[in-house]
Amino acid sequence: LCVAAHGPTLASGSFDTTVRVWDVRALSARAVLQGHTDAVCAVAATADRVYSGSDFDELNVWSTSGVGQCLLSITENLNR
């Protein structure tokens with residue numbers, strides 16, 4: 001589990017390959033972001049973006065507005 005917060009928004013990454021965006025005021029999940037192929041081991045949050053990294057050398061950038069669209073996905077195999 002990894003967690004990052006920015007204002008009322010909290011993001012958590014998990015071994016189930018998802019990122020959840022939470023509204024801490026309402027104590028509820030706003031979105032479940034799916035797109036990683038391995039456990040999410042790093043997250044960071046800003047006012048309008050969530051950044052997540054997985055064990056499979058993958059970085060995703062998500063929009064926190066609307067349904068949580070993946071704006072960018074970068075995959076790099078560093079174990080060559």
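Side notes on the structure shown:
- Residues being surrounded by 13 or more Cβ atoms within 10 Å (Cβ to Cβ), polar (S, T, N, Q) and either without any contact (Cβ under 8 Å) to a residue 40 or more places away in the chain or under 14 Å from Gly13 (Cα atoms) (or both) - total across the stretch 24-68: 4
- Residue satisfying condition, being at negative phi, touching a His at 6+ places or on another chain (Cβ under 6 Å) and among the small types (Gly, Ala, Ser), within set Ser54, Ser73: Ser54
- Conditions (1) in contact with a Leu (Cβ under 7 Å, 6 or more places away or on another chain); (2) open to solvent by 50 Å² or more (accessible area, probe 1.4 Å): number failed by Leu71: (1)
The values are calculated or read from the model by the stated rules, or taken from the named source; none is laboratory data. These figures come from a predicted structure and were not determined experimentally. Virtual Cβ from ideal backbone geometry, glycine too; neighbours counted across all protein chains shown. Note: accessible area is taken over every heavy atom of the protein model, side chains too, but ligands, DNA and RNA are not part of it. Shrake-Rupley method; radii C 1.70, N 1.55, O 1.52, S 1.80 Å.
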